[in-house]
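These notes are about the structure you will find just below.
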Amino acid sequence: MSKIKMEQPKIPHHLPHVHFQDIYDKDEPFINHCTISSCTIGRVEMDRIAFSQVVFKKVIFDDVSFKNIELTDVIFENCDLSNADFMEGIIHRVVFKESKMIGINLSEASLRNVHFDSCMLNLSSYGYGRLRQVMFDHCILRNTDYYECKLNKVGFNECDINEVNFSGTPLKGIDISSSTFDSITVSLEDLEGCVVSAEQAIGFAGMLGLKVKR
């Protein structure tokens with residue numbers, strides 16, 4: 001399948017290494033131009049915290065609620081964001097690479113120019129979200145919820161999308177042909193214009209009660 005063209009994070013060279021607790025300020029929740037690595041950010045609840053030009057490496061986000069988070073030009077590499085709450089976030093030019101993100105809440109979020117590369121995203125939620133120029137590349141997306149999302153130039157390259165929920169989400173122009181699943185939840189009208197493999201097409205024909213001769 002073709003890759004989704006997207007803008008890459010604009011990250012300066014030689015970012016200084018800092019400790020999150022040293023720079024975290026509840027009165028001015030804006031963190032920029034730094035690398036945060038090999039630590040745990042735990043039990044933090046903050047509405048409208050913003051990160052710009054930040055690289056996270058091997059960081060564990062434990063019991064973190066960052067509703068309305070703003071992420072611009074940010075990289076997460078080998079991080080654990082499981083169950084993090086990024087609801088209603090604005091996420092632009094961000095890369096999540098080889099990260100564990102089971103159960104992350106991205107519902108009602110706006111994602112643009114976002115690349116998920118080799119991430120575990122089981123049970124994650126994007127309900128009512130807006131995704132534009134977003135690539136899921138070699139990701140595990142089992143039981144992920146895309147309920148009533150708006151998808152524009154979104155790619156699923158060799159992902160596990162078993163039991164994903166696409167209810168109320170039109171898939172016109174979305175290519176899932178290289179991804180694998182036993183079952184997904186989607187209405188037939190929302191499948192119109194979706195790009196699928198021949199084997200997947202046979203499965204969807206079964207939803208219509210058709211019997212395909214081989």
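Would you please name the residue that is surrounded by the fewest Cβ atoms within 10 Å (Cβ to Cβ), looking only at residues in region 60-79 that are in contact (Cβ under 8 Å) with a residue 24 or more places away in the chain and in contact with a Phe, Trp or Tyr (Cβ under 8 Å, 6 or more places away or on another chain)?
Going residue by residue through region 60-79, those that are in contact (Cβ under 8 Å) with a residue 24 or more places away in the chain are 73-75.
Right, trim to in contact with a Phe, Trp or Tyr (Cβ under 8 Å, 6 or more places away or on another chain) and you get 74-75.
On the way: V74: 24, I75: 21.
Among those residues, the one meeting the criterion is I75.
Residue-wise test of (1) closer than 22 Å to K3 by Cα; (2) surrounded by 14 or more Cβ atoms within 10 Å (Cβ to Cβ).
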| site | (1), (2) |
| --- | --- |
| S177 | yes, yes |
| S183 | no, no |
| L188 | no, no |
| G203 | no, yes |
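Could you tell me how many of the residues in region 91-115 are in a loop (DSSP other than H, G, I, E, B) and open to solvent by 40 Å² or more (accessible area, probe 1.4 Å)? Don't jump to the end; show me each part of the working.
Filtering region 91-115 for residues in a loop (DSSP other than H, G, I, E, B) gives 98-99, 101-104, 106-109.
With open to solvent by 40 Å² or more (accessible area, probe 1.4 Å) added as a condition, the list becomes 98, 102, 108.
Summing the residues that are in a loop (DSSP other than H, G, I, E, B) and open to solvent by 40 Å² or more (accessible area, probe 1.4 Å) in region 91-115 gives 3.
Yes/no per residue for (1) out of contact with any strand residue (DSSP E or B) (no Cβ under 6 Å at 6 or more places or on another chain); (2) in a loop (DSSP other than H, G, I, E, B); (3) not aromatic (F, W, Y):
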{"position": "E7", "(1), (2), (3)": "no, yes, yes"}
{"position": "H14", "(1), (2), (3)": "yes, yes, yes"}
{"position": "Q21", "(1), (2), (3)": "yes, no, yes"}
{"position": "D25", "(1), (2), (3)": "yes, yes, yes"}
{"position": "I31", "(1), (2), (3)": "no, no, yes"}
{"position": "S37", "(1), (2), (3)": "no, no, yes"}
{"position": "I41", "(1), (2), (3)": "no, no, yes"}
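Per-residue answers, yes or no, for (1) within 19 Å of the chain's Cα centre (by Cα); (2) among the acidic types (D, E); (3) at pLDDT 95 or above:
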position	(1), (2), (3)
I11	no, no, yes
L15	no, no, yes
E28	no, yes, no
F51	yes, no, yes
F56	yes, no, yes
D62	yes, yes, yes
F76	yes, no, yes
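The values are calculated or read from the model by the stated rules, or taken from the named source; none is laboratory data. Note that the structure is predicted; figures quoted are calculated from it, not measured. FYI the Cβ positions are ideal-geometry reconstructions off the backbone, even for glycines, and counts take in every protein chain you see. Areas reflect the complete protein model, heavy atoms only, side chains present, ligands, DNA and RNA absent. Shrake-Rupley method; radii C 1.70, N 1.55, O 1.52, S 1.80 Å.
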